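Working notes, structure below.
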Amino acid sequence: MSETLFLTPGVPKAARYAELHPQVAALTAGEPDRTANLANVAAALRQAFGFFWVGFYIVQGEELVLGPFQGPIACTRIRRGRGVCGTSWAEARTVLVPDVEAFPGHIACSAASQSEIVVPILKAGAVVAVLDVDSDQLNDFDEADQAGLEQLMQLASNWF
Ligand code: SME
């Protein structure tokens, strides 16, 4: 397929995730390289939603290591159970944080980040990576983001 996203202006978030998913599936179909696919997913999410920071941390031993992302420079390594990302990994679940100041142990890669959602990528029941999305607005993520991002991460599971 062509490397162009088709996004209908002004649609609700759930509809935007619905139109994004098949395009990401087509864009990554037949491409076995994980880095290439994760990089395009980060770029597609940034383009579709204008996220402040969106990217991946990949499990390596006892740490998460920064992977492909879009946005300002970020922390490179996060230990299991630390911060929002490390919590999502340790608990193998999506963590939605309306106000990062209120999340104990939040790791502030950027002082501008105010709310956050982290979605694990699961392979055979184990977390292999997480998707982290940060906003510079409070309370910027909801169930529509969780549902849309979790569906995309089911697709990403194929690249591990
Ligand atoms: N805030 C994250 C760290 C990663 S950066 O936001 C990109 C956390 O608490 O795990």
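The table for this structure:
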read-out	value
Filtered residues of the stretch 17-68 (kept if within 13 Å of residue 129 (Cβ to Cβ), among the β-branched types (Val, Ile, Thr) and within 12 Å of the ligand (Cβ to nearest atom))	65
Residues of the stretch 70-87 classified as near the ligand (Cβ under 9 Å from one of its atoms), closer than 25 Å to residue 126 by Cα and in contact with an Asp or Glu (Cβ under 8 Å, 6 or more places away or on another chain), total	3
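Each reported figure results from applying straightforward, stated rules to the coordinates on display, with no laboratory input. Predicted model only: the values in this text are computed from it and were never measured. Backbone-built Cβ (ideal geometry, glycine too); neighbour counts: all protein chains shown.
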